[in-house]
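Accompanying notes for the structure given below.
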Amino acid sequence: MATTSVVSENLLAKYEPVIGLEVHVQLLTASKIFCSCSTRFGDPPNTNVCPVCLGLPGALPVLNRKAVEFAVLAAMALQCRINEVSIFARKNYFYPDLPKGYQISQYDKPLAEFGFIDIDANESKTNGDRKKIGITRLHLEEDAGKSLHEGFADAADKTAIDLNRTGVPLAEIVSEPDMRSAEEAYEYLTRLKEIILYTGVSDCNMEEGSLRCDANISVRPRGQKELGTKTEVKNVNSFRFIRQALEYEIERHIGIIEGGGRITQETRLYNAHEGKTYGMRSKEQAHDYRYFPEPDLLPLVVDEKWQAAIRASLPELPEARRQRMMKEYGITAGDAHTLTLTRAMADQFEGAAGSAKNPKRVANLVQSELLGRLKAQGLELGQSPISMAGVTASADLVESGAISGKMLKDLYDLCFERNQDFPAVYEAEGRPEQSRDTSALEKLADELIAANPKQVEQYRAGKKTMLGFFVGQVMKASKGQANPQLVNEVLTKKLEG
Ligand SMILES: [Zn+2]
């Protein structure tokens, strides 16, 4: 974090932060939650609207079945209990981007409750201790419109409203206040996003507002049972900034309490440039939303049969997949973590690794040779010139000793230069092979043995690890082109003789 700490480590250790998160996820339906208007992002302002989402008198909402299925699927992936009957409620408030004067949400009878996410409680992200973060509820609601303060002619003294987003379906996911550090909050959000992406119900694109997060934070002296006064940090647009905002708030709270002051319960905004939060409105002035059941909609019933049909479409979730892949392919937790970053990547890896001579080598190549090159060129895995099948083909060639590691690196470089997959480049280069001609190797080995009598003596006296020294020398002399297996064979023969 850019700002310097005003609170000493000792003071930080004296207090325990308590953090709960509210995440809004936009569901990837083609049409809105209560009308048939398109949900497409980026259309000209106020073109995807109708009497229903504008809240004109006499217009009646009709619930989008797909939105319900997506929300239920997300809730199942988050281990929630689905309530067979849930109730839509009106949340009344006045705001320029809310033409109806109320938002249709769910209040005391939400769609789903009592879920959890397991997070890595330590920071190494591999084989860490797991910690359960409770999910209080997941409910369905409609989005409001968007106030625009820039990007049009008289933006200096006017605000414009775009109502395309009005009525877009959202799942609101409320956590228990179970997180005890900004890092845990970051970890929770990362896992949550990963799970939602695996289910495919949202693209979780933060820039387009498909995933939004509000954080509630308080601190209390360690050992104290009752909670401190909380503040809410709203509308932060990246996980990294949320972590920074929480770190800032933790120190701010401790600073005030230690100075004999009191925390004001309020909503605050984070300024990422300054690395600080600012008070926006105090909670004393907060709205009383006067919730009541939405009279235009029947209770939502998701019976057992429907639940079972939705559950059948639940994919294998990232954590379970990592565990299985580690077992199935003999790869490390770190490998599994990288290979399951997205569902597409995991699918591609498994599609290719199944036929590989050594899946572990495929995993290693993705980690060591592919991801670095992609990152250097600012490419996503989906844009890689080398497909997973290409990685597997190259791994098999190294495995069989046909090409060396050094040759593979050179061929990968060519793939990226020419934007071609591995098999094409390998063919174009005339199927290069590392030398199996032992005469050159034998000559090298003889020279080395003659030049290093002491090492030879040690080897023959029983210090077999000396072989490594000779192998290294030969590999160096051949500029990495020699076949290590062959070098081993030739040297062992000579040294033993
Ligand atoms: Zn509409």
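Any idea what the relative contact order of segment 47-144 is, in percent, if you count C-alpha pairs under 8 Å spaced at least 6 apart?
Working: 155 pairs, mean separation 25.1, N = 98.
It comes to 26 percent, rounded to a whole number.
In the structure displayed, which of 327/479; 66/193; 132/357; 327/463 lie more than 32 Å apart, Cα to Cα? Intermediate results must be reported in sequence, preceding the final value.
Numbers: 327/479 36 Å; 66/193 20 Å; 132/357 38 Å; 327/463 36 Å.
Long pairs (Cα-Cα over 32 Å): 327/479; 132/357; 327/463.
Compare the Cα positions of 405, 374, 37 along the charge dipole of the chain (+1 at Cβ of Lys, Arg; -1 at Cβ of Asp, Glu; about the Cα centre) and return the one farthest towards the positive end.
It is 405, whose Cα lies furthest towards the positive end.
Per the Kirkwood treatment, what hydrodynamic radius in Å, one decimal, follows for the chain from the mean inverse distance over all distinct Cα pairs? Intermediate results must be reported in sequence, preceding the final value.
Details: mean 1/r = 0.0370 Å⁻¹.
When all Cα pairs of the chain are included, the Kirkwood radius is 27.0 Å.
Which length gain, in nm to one decimal place, applies between residue 419 and residue 389 when the Cα-Cα distance is subtracted from 0.36 nm times their residue separation? Could the numbers behind the result be given before it?
Details: separation 30, 0.36 × 30 = 10.80 nm, distance 1.53 nm.
Full-extension gain reported as 9.3 nm.
What length, rounded to one decimal in nm, is gained on full extension from residue 301 through to residue 118, with 0.36 nm per residue of separation minus their alpha-carbon distance? Don't skip to the answer; put the middle values down first.
Values: separation 183, 0.36 × 183 = 65.88 nm, distance 2.91 nm.
Here the answer is 63.0 nm.
For segment 156-206, with the dipole built from +1 on Lys and Arg beta-carbon atoms and -1 on Asp and Glu ones, taken about the Cα centre, which of 185, 156, 200 lies farthest toward the positive end?
Farthest along the dipole direction, towards plus: 156.
Helix-only mean residue ellipticity at 222 nm, the chain, DSSP H runs n ≥ 4 weighted -39,500 (n - 2.57), per residue, nearest 500. What is it? Write out the running numbers ahead of the final one.
Working: 18 runs with 192 residues, N = 497.
It lands at -11500 deg cm²/dmol.
Rounded to the nearest 20 Debye, what is the dipole magnitude of segment 1-122 about its Cα centre when Lys and Arg each give +1 and Asp and Glu each give -1 at the C-beta? Before the final figure, lay out the partial values.
Values: 10 positive and 11 negative charges, 126 e Å.
The dipole of segment 1-122 has a size of about 600 debye.
Enter the Cα centre distance for the pair segment 313-344 and segment 347-423, rounded to the nearest angstrom.
So the separation of the two Cα centres works out to 19 Å.
Just report the Cα centroid separation between segment 33-69 and segment 451-497, whole Å.
74
How big is the charge dipole of segment 223-332 about its Cα centre, in debye rounded to the nearest 20, if each Lys and Arg gets +1 on its Cβ and each Asp and Glu gets -1 on its Cβ? Let's see the in-between values first.
Numbers: 18 positive and 17 negative charges, 72 e Å.
I would put it at about 340 debye.
May I ask you to sort 217, 135, 254 by Cβ crowding, counting other Cβ atoms within 10 Å and putting the fewest first? Display every interim value, and only then the final one.
On the way: 217 28, 135 25, 254 21.
Fewest-to-most ranking of 217, 135, 254: 254, 135, 217.
Can you give the charge dipole size of the chain about its Cα centre, rounded to the nearest 20 debye, using +1 on the beta carbon of Lys and Arg and -1 on the beta carbon of Asp and Glu? Intermediate results must be reported in sequence, preceding the final value.
On the way: 62 positive and 69 negative charges, 194 e Å.
With only Lys, Arg, Asp and Glu charged at Cβ, the dipole is about 920 debye.
Under 1.5 on a/c is rounded, so check that first for segment 246-389, then, if it is not, pick prolate when a/b is larger than b/c and oblate when it is not; a ≥ b ≥ c are the square roots of the alpha carbon gyration tensor eigenvalues.
Numbers: a/c = 2.94, a/b = 1.52, b/c = 1.94.
Judged from the Cα gyration tensor, segment 246-389 comes out oblate (a/c at least 1.5, b/c at or above a/b).
Going by how many other beta carbons lie within 10 Å of each one, how would you line up 340, 492, 199, 465, fewest first? Show your work: numbers first, answer last.
Values: 340 23, 492 16, 199 20, 465 8.
Neighbour counts put them in this order, fewest first: 465, 492, 199, 340.
Set the Förster distance to 30 Å, then compute FRET efficiency between residue 36 and residue 157 from the Cβ-Cβ distance, nearest 0.05. Working shown, then result.
On the way: r = 36 Å, r/R0 = 1.21.
Plugging the Cβ-Cβ distance into 1/(1 + (r/R0)^6) gives 0.25.
Could you point to the residue in 269, 297, 256 farthest towards the positive end of segment 185-307's charge dipole, with +1 and -1 charges on the Cβ of Lys/Arg and Asp/Glu respectively?
Comparing the listed Cα positions along the dipole, 256 ranks first.
With a Cα-only, solvent-free Debye model of segment 359-481, what are the log10 I(q)/I(0) values at q = 0.18 Å⁻¹?
-0.93
Of 248, 95, 107, how do they rank once you tally other Cβ atoms within 10 Å and put the fewest first? The partial results should precede the final answer.
Working: 248 24, 95 13, 107 18.
In order of increasing Cβ crowding within 10 Å: 95, 107, 248.
Indicate the gyration tensor shape class of segment 419-497 (rounded, prolate or oblate), computed on the Cα atoms with a ≥ b ≥ c the square roots of the eigenvalues: a/c under 1.5 is rounded; otherwise a/b larger than b/c is prolate and the rest oblate. Each step should come with its number before you reach the end.
Details: a/c = 3.23, a/b = 2.78, b/c = 1.16.
Here segment 419-497 falls in the prolate category.
From Cα pairs below 8 angstrom and at least 6 apart in sequence, can you work out the relative contact order of the chain, rounded to a whole percent? The partial results should precede the final answer.
Working: 856 pairs, mean separation 71.0, N = 497.
It rounds to 14 percent for the chain.
Throughout, read-outs are computed from the coordinates displayed, never taken from laboratory work. In this text, all values refer to a predicted model and were calculated from it rather than measured experimentally. Cβ coordinates were reconstructed from backbone atoms using ideal geometry, including for glycine residues, and neighbour counts include every protein chain displayed.
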